[in-house]
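What follows is a single structure, written as C-alpha coordinates, with notes after it.
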Amino acid sequence: MAKDKLTQLGQAAALPASPDEAKLERVSNPHTDNDYLVRFTAPEFTTLCPVTGQPDFAHLVIDYAPAEWIVESKSLKLFLGAFRNHAGFHEDCTLMIGKRVVEAIQPKWLRIGGYWYPRGGIPIDVFWQTGKVPVGLWVPDQGVAPYRGRG
(Lines give C-alpha, C1' and ligand atoms only; values in the text may rest on other atoms or scores of the structure.)
Protein backbone atom coordinates (compact mmCIF):
# COMPACT_ATOMS: atom_id res chain seq x y z
CA MET A 1 0.00 0.00 0.00
CA ALA A 2 1.32 3.43 -0.87
CA LYS A 3 2.30 5.63 2.06
CA ASP A 4 -0.79 7.03 3.79
CA LYS A 5 -3.09 6.18 0.85
CA LEU A 6 -6.45 5.72 2.53
CA THR A 7 -9.39 4.25 0.63
CA GLN A 8 -12.00 3.95 3.39
CA LEU A 9 -11.68 6.94 5.73
CA GLY A 10 -13.94 9.90 4.98
CA GLN A 11 -16.19 8.04 2.57
CA ALA A 12 -18.79 5.31 2.47
CA ALA A 13 -17.22 1.88 2.80
CA ALA A 14 -19.15 -1.38 2.74
CA LEU A 15 -18.54 -4.03 5.36
CA PRO A 16 -16.22 -6.62 3.78
CA ALA A 17 -17.78 -10.05 3.21
CA SER A 18 -14.94 -11.79 5.03
CA PRO A 19 -11.76 -11.00 7.00
CA ASP A 20 -9.70 -12.09 3.99
CA GLU A 21 -11.38 -9.41 1.86
CA ALA A 22 -10.93 -6.68 4.48
CA LYS A 23 -8.19 -4.13 3.96
CA LEU A 24 -6.34 -2.92 7.05
CA GLU A 25 -4.97 0.52 6.33
CA ARG A 26 -2.20 2.44 8.03
CA VAL A 27 -0.97 5.98 8.45
CA SER A 28 2.41 7.36 9.38
CA ASN A 29 3.19 7.44 13.08
CA PRO A 30 3.48 11.13 13.98
CA HIS A 31 5.66 10.34 17.03
CA THR A 32 8.30 7.85 15.94
CA ASP A 33 10.68 9.46 18.44
CA ASN A 34 8.59 8.18 21.37
CA ASP A 35 7.54 4.77 22.61
CA TYR A 36 3.86 4.83 23.45
CA LEU A 37 0.94 2.44 23.64
CA VAL A 38 -2.15 2.43 21.42
CA ARG A 39 -5.19 0.48 22.63
CA PHE A 40 -8.23 -0.60 20.63
CA THR A 41 -11.13 -2.17 22.50
CA ALA A 42 -13.94 -4.04 20.75
CA PRO A 43 -16.41 -5.06 23.49
CA GLU A 44 -19.04 -6.37 21.04
CA PHE A 45 -16.97 -8.52 18.65
CA THR A 46 -18.91 -11.33 16.97
CA THR A 47 -18.09 -14.32 14.82
CA LEU A 48 -19.65 -17.71 14.16
CA CYS A 49 -18.95 -21.12 15.67
CA PRO A 50 -17.44 -23.24 12.90
CA VAL A 51 -19.34 -26.32 14.11
CA THR A 52 -22.83 -25.06 14.98
CA GLY A 53 -22.98 -21.78 13.04
CA GLN A 54 -24.23 -20.06 16.20
CA PRO A 55 -22.86 -16.60 17.06
CA ASP A 56 -19.91 -16.26 19.41
CA PHE A 57 -19.19 -13.03 21.27
CA ALA A 58 -15.95 -11.59 22.62
CA HIS A 59 -14.47 -8.51 24.20
CA LEU A 60 -11.20 -7.86 22.33
CA VAL A 61 -8.38 -5.64 23.54
CA ILE A 62 -5.52 -4.87 21.15
CA ASP A 63 -2.47 -3.05 22.54
CA TYR A 64 0.52 -2.09 20.41
CA ALA A 65 3.62 0.08 20.43
CA PRO A 66 3.87 1.72 16.99
CA ALA A 67 7.02 1.85 14.93
CA GLU A 68 6.68 3.69 11.57
CA TRP A 69 2.93 3.11 11.21
CA ILE A 70 -0.34 3.27 13.17
CA VAL A 71 -3.60 1.49 12.33
CA GLU A 72 -6.29 3.59 10.67
CA SER A 73 -9.22 2.95 12.99
CA LYS A 74 -12.07 2.86 10.46
CA SER A 75 -10.31 0.12 8.51
CA LEU A 76 -9.83 -1.81 11.76
CA LYS A 77 -13.53 -1.45 12.56
CA LEU A 78 -14.47 -2.78 9.11
CA PHE A 79 -11.95 -5.63 9.43
CA LEU A 80 -13.37 -6.67 12.80
CA GLY A 81 -16.92 -6.37 11.48
CA ALA A 82 -16.02 -8.74 8.63
CA PHE A 83 -15.83 -11.55 11.20
CA ARG A 84 -19.59 -11.33 11.71
CA ASN A 85 -20.20 -14.06 9.10
CA HIS A 86 -16.83 -15.82 9.49
CA ALA A 87 -16.75 -19.26 11.06
CA GLY A 88 -13.69 -19.76 13.25
CA PHE A 89 -12.67 -21.08 16.63
CA HIS A 90 -11.86 -18.51 19.32
CA GLU A 91 -8.14 -19.21 19.17
CA ASP A 92 -8.02 -18.88 15.38
CA CYS A 93 -9.96 -15.62 15.26
CA THR A 94 -7.93 -13.99 18.04
CA LEU A 95 -4.57 -14.87 16.51
CA MET A 96 -5.73 -14.05 12.97
CA ILE A 97 -6.59 -10.52 14.10
CA GLY A 98 -3.31 -10.01 15.93
CA LYS A 99 -1.24 -11.34 13.03
CA ARG A 100 -3.07 -9.22 10.44
CA VAL A 101 -2.42 -6.05 12.46
CA VAL A 102 1.26 -7.00 12.77
CA GLU A 103 1.43 -7.65 9.03
CA ALA A 104 -0.15 -4.27 8.26
CA ILE A 105 1.87 -2.00 10.56
CA GLN A 106 4.90 -3.97 11.81
CA PRO A 107 4.72 -2.53 15.35
CA LYS A 108 7.53 -2.65 17.89
CA TRP A 109 5.26 -4.82 20.02
CA LEU A 110 1.66 -6.04 20.02
CA ARG A 111 -0.59 -8.06 22.30
CA ILE A 112 -4.19 -9.08 21.89
CA GLY A 113 -6.56 -10.39 24.52
CA GLY A 114 -9.67 -12.19 23.35
CA TYR A 115 -12.10 -12.49 26.25
CA TRP A 116 -14.75 -14.83 24.85
CA TYR A 117 -18.15 -15.25 26.42
CA PRO A 118 -19.17 -18.78 27.44
CA ARG A 119 -19.88 -21.43 24.88
CA GLY A 120 -21.09 -24.69 26.39
CA GLY A 121 -20.78 -23.11 29.84
CA ILE A 122 -17.04 -22.39 29.56
CA PRO A 123 -15.58 -18.96 28.74
CA ILE A 124 -12.40 -19.15 26.66
CA ASP A 125 -9.80 -16.38 26.91
CA VAL A 126 -7.05 -16.23 24.27
CA PHE A 127 -3.87 -14.15 24.60
CA TRP A 128 -1.03 -13.56 22.12
CA GLN A 129 1.87 -11.15 21.89
CA THR A 130 4.79 -10.63 19.54
CA GLY A 131 7.63 -10.65 22.08
CA LYS A 132 8.91 -8.75 25.06
CA VAL A 133 7.45 -5.38 26.01
CA PRO A 134 9.79 -2.54 24.95
CA VAL A 135 11.84 -1.27 27.90
CA GLY A 136 10.17 1.65 29.63
CA LEU A 137 6.80 1.26 27.87
CA TRP A 138 3.84 1.70 30.20
CA VAL A 139 1.44 -1.18 29.56
CA PRO A 140 -1.66 -1.02 31.75
CA ASP A 141 -3.77 -4.03 32.57
CA GLN A 142 -6.32 -4.75 29.85
CA GLY A 143 -9.10 -4.05 32.35
CA VAL A 144 -11.35 -6.97 31.52
CA ALA A 145 -12.60 -8.81 34.59
CA PRO A 146 -12.65 -12.61 34.57
CA TYR A 147 -16.03 -13.99 33.59
CA ARG A 148 -18.27 -14.43 36.64
CA GLY A 149 -21.70 -15.09 35.20
CA ARG A 150 -24.40 -13.59 37.37
CA GLY A 151 -22.31 -13.73 40.54
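The values are calculated or read from the model by the stated rules, or taken from the named source; none is laboratory data. Keep in mind that this is a model prediction, so the values were computed, not measured. Cβ placement follows ideal geometry from the backbone for every residue including glycine, while neighbour counts extend to all protein chains displayed.
Assess whether residue 87 counts as being surrounded by fewer than 19 Cβ atoms within 10 Å (Cβ to Cβ), more than 26 Å from residue 147 (Cβ to Cβ), touching a residue at least 40 places away in the same chain (Cβ under 8 Å) and not hydroxyl-bearing (Ser, Thr, Tyr). Spelling it out, it is not the case that residue 87 is surrounded by fewer than 19 Cβ atoms within 10 Å (Cβ to Cβ), more than 26 Å from residue 147 (Cβ to Cβ), touching a residue at least 40 places away in the same chain (Cβ under 8 Å) and not hydroxyl-bearing (Ser, Thr, Tyr). Against the conditions (1) in contact with a Pro (Cβ under 6 Å, 6 or more places away or on another chain); (2) under 19 Å from residue 88 (Cα atoms); (3) assigned to a loop (DSSP other than H, G, I, E, B), residue 35 satisfies every one except (2). Has the stretch 104-115 got any residue that is modelled with pLDDT of 95 or more, buried (at least 19 other Cβ atoms within 10 Å of the Cβ), of a type outside the set (Gly, Ala, Ser) and touching a Lys or Arg at 6+ places or on another chain (Cβ under 8 Å)? Within the stretch 104-115, one or more residues are modelled with pLDDT of 95 or more, buried (at least 19 other Cβ atoms within 10 Å of the Cβ), of a type outside the set (Gly, Ala, Ser) and touching a Lys or Arg at 6+ places or on another chain (Cβ under 8 Å).
In this structure, residue 56 does not qualify as more than 17 Å from residue 142 (Cβ to Cβ) and free of Cβ contacts under 8 Å to residues at least 40 places away in the same chain.
In the stretch 104-132, which residues are part of a loop (DSSP other than H, G, I, E, B) and either free of Cβ contacts under 8 Å to residues at least 40 places away in the same chain or closer than 26 Å to residue 5 by Cα (or both)? Selection gives 106, 107, 108, 118, 120, 121, 123, 124, 130, 131, 132. Which residue is surrounded by the most Cβ atoms within 10 Å (Cβ to Cβ), if the candidates are limited to the stretch 38-52 and must be assigned to a loop (DSSP other than H, G, I, E, B) and touching a strand residue (DSSP E or B) at 6+ places or on another chain (Cβ under 7 Å)? Only one residue tops the list, namely 49.
Taking the stretch 7-32 as the range and being of a type in the set (A, V, I, L, M, F, W, C) and part of a loop (DSSP other than H, G, I, E, B) as the test, the residues that pass are 9, 12, 13, 14, 15, 17, 22, 24.
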